[in-house]
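Here the structure comes first, spelled out in structure tokens, and everything after it is commentary.
The values are calculated or read from the model by the stated rules, or taken from the named source; none is laboratory data. All values derive from a computational prediction rather than experimental measurement. Positions of Cβ are generated from backbone atoms using ideal geometry, with glycine treated the same way; all protein chains shown enter the neighbour counts.
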Amino acid sequence: MTPMPKALIFDCDGTLVLTGDLHFAAFTEAFALQGDALDLAFYHARGGLARRELIADWVADSGSPIDIDRAVRDSIDAAAKLARTGQCAPNPPVAALARAWGARPSAVASNGEAPVVHAILRGAGLHALFDTVVTLSDVPAAKPDPAMFLLAAARLGTAPADCLVLEDSAQGMEAARRAGIPALDVREATALATVEHLTRSLTAPA
């Protein structure tokens with residue numbers, strides 16, 4: 001089993017909070033403003049991509065004439081609005097670990113933009129659990145660039161090797177590898193078993 005780390009760094013979308021439907025609804029609303037519609041299968045196949053990359057891929061693949069900058073702005077606004085209406089369900093085993101972690105150092109590091117990530121965490125009732133939240137707004141490049149995780153570790157005052165990342169995307173796992181931080185891919189049953197083991201270890205009677 002994974003040894004107890006000194007700090008935890010959580011991805012947000014799909015890892016800590018189940019936001020797939022929320023983001024697709026936001027893209028749907030934003031694209032409709034320009035007379036377009038995002039394909040659901042295309043969206044699911046690109047989980048983990050930053051917003052601008054996903055929209056740019058759609059334009060390149062579909063030949064859509066939508067304005068990328070406008071679609072980015074409109075989808076950010078729509079996602080933040082949806083998050084504020086409470087459409088944010090925590091991912092139960094991962095959220096349980098975040099709660100059990102208590103006052104120990106912890107962070108969120110997300111490819112989302114600051115207004116959206118903070119709204120999602122507040123909507124899910126998890127925002128107050130974390131010492132710091134690092135978003136795409138804080139770094140020059142999205143995952144798989146390691147900057148986001150390295151900044152989170154630095155803000156927590158913890159060496160990267162002493163942290164543990166929880167992720168749900170290939171981009172996030174690669175970013176953790178480049179940052180030199182051990183990581184769990186919560187899409188895998190063995191990783192979820194480790195998450196549950198850590199939670200039990202933290203909540204077991206002394």
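Can you find, within region 37-61, the residue that is nearest to F24 (Cα to Cα) among those that are among the hydrophobic types (A, V, I, L, M, F, W, C) and not in a helix (DSSP H, G or I)? Talk me through it step by step, then tell me what you get.
Initially, region 37-61 is screened for residues among the hydrophobic types (A, V, I, L, M, F, W, C), giving 37-38, 40-42, 45, 49-50, 54-56, 58-60.
Remaining after also requiring not in a helix (DSSP H, G or I): 37-38, 49-50.
Numbers: A37: 10, L38: 8, L49: 13, A50: 13 Å.
By that ranking, first place goes to L38.
Does region 91-98 contain at least one residue that is among the small types (G, A, S), assigned by TED's automatic domain parsing to the domain that holds F130, surrounded by fewer than 16 Cβ atoms within 10 Å (Cβ to Cβ) and in contact (Cβ under 8 Å) with a residue 12 or more places away in the chain? First the steps, then the outcome.
Taking region 91-98 as the starting set, the residues that turn out to be among the small types (G, A, S) are 95-96, 98.
Cutting the leftovers down to assigned by TED's automatic domain parsing to the domain that holds F130 gives us 95-96, 98.
With the extra rule that they be surrounded by fewer than 16 Cβ atoms within 10 Å (Cβ to Cβ), the set shrinks to none.
No, that holds for no residue.
Residues in region 157-170 that are buried (at least 19 other Cβ atoms within 10 Å of the Cβ) and of a type outside the set (S, T, Y): how many?
Step one: list which residues in region 157-170 are buried (at least 19 other Cβ atoms within 10 Å of the Cβ), which gives 158, 160, 163-169.
Imposing the further condition that a residue be of a type outside the set (S, T, Y) reduces the set to 160, 163-168.
Residues that pass the stated criteria total 7.
Out of (1) over 16 Å from G172 (Cα atoms); (2) in contact (Cβ under 8 Å) with a residue 12 or more places away in the chain; (3) assigned to a loop (DSSP other than H, G, I, E, B); (4) not acidic (D, E), the odd one out for P3 is which?
If we test P3 against (1) over 16 Å from G172 (Cα atoms); (2) in contact (Cβ under 8 Å) with a residue 12 or more places away in the chain; (3) assigned to a loop (DSSP other than H, G, I, E, B); (4) not acidic (D, E), just (2) comes out false.
Hey, can you tell me all the residues within region 134-157 that are in contact with a strand residue (DSSP E or B) (Cβ under 7 Å, 6 or more places away or on another chain), closer than 12 Å to D11 by Cβ and in contact (Cβ under 8 Å) with a residue 60 or more places away in the chain? Break it down into steps so the answer makes sense when it comes.
Of the residues in region 134-157, the ones in contact with a strand residue (DSSP E or B) (Cβ under 7 Å, 6 or more places away or on another chain) are 134, 148-149, 151-153, 155-156.
Still in the list and also closer than 12 Å to D11 by Cβ: 134, 148-149, 152.
Result: F149, A152.
Given (1) surrounded by 15 or more Cβ atoms within 10 Å (Cβ to Cβ); (2) within 30 Å of T194 (Cβ to Cβ); (3) not assigned by TED's automatic domain parsing to the domain that holds L184, identify the lone condition not met by C12.
Of everything listed in (1) surrounded by 15 or more Cβ atoms within 10 Å (Cβ to Cβ); (2) within 30 Å of T194 (Cβ to Cβ); (3) not assigned by TED's automatic domain parsing to the domain that holds L184, C12 misses just condition (3).
Looking only at region 119-128, decide whether some residue is within 22 Å of A176 (Cα to Cα), modelled with pLDDT of 95 or more and buried (at least 23 other Cβ atoms within 10 Å of the Cβ).
Scanning region 119-128 turns up at least one residue that is within 22 Å of A176 (Cα to Cα), modelled with pLDDT of 95 or more and buried (at least 23 other Cβ atoms within 10 Å of the Cβ).
Going through region 70-95 one residue at a time, which ones are part of a helix (DSSP H, G or I) and either touching a Cys at 6+ places or on another chain (Cβ under 7 Å) or among the aliphatic types (A, V, I, L, M) (or both)? Give the steps one after another, and end with the answer.
Residues of region 70-95 part of a helix (DSSP H, G or I): 70-84, 92-95.
Within region 70-95, A71, V72, I76, A78, A79, A80, L82, A83, V94, A95 qualify.
Which of (1) in the same structural domain as A152 (by TED's automatic domain parsing); (2) more than 14 Å from the chain's Cα centre (by Cα) is the odd one out, the single condition A78 does not satisfy?
Of everything listed in (1) in the same structural domain as A152 (by TED's automatic domain parsing); (2) more than 14 Å from the chain's Cα centre (by Cα), A78 misses just condition (1).
Yes or no: region 132-141 includes at least one residue that is more than 15 Å from E113 (Cα to Cα) and either of a type in the set (D, E, K, R) or at pLDDT 95 or above (or both). Step through it out loud before you land on a result.
Of the residues in region 132-141, the ones more than 15 Å from E113 (Cα to Cα) are none.
No, region 132-141 contains no residue that is more than 15 Å from E113 (Cα to Cα) and either of a type in the set (D, E, K, R) or at pLDDT 95 or above (or both).
Inside region 32-70, can you point out the residues that are over 16 Å from the mean Cα position of the chain (by Cα) and surrounded by 20 or more Cβ atoms within 10 Å (Cβ to Cβ)?
Of everything in region 32-70, those that are over 16 Å from the mean Cα position of the chain (by Cα) and surrounded by 20 or more Cβ atoms within 10 Å (Cβ to Cβ) turn out to be L38, I55, W58.
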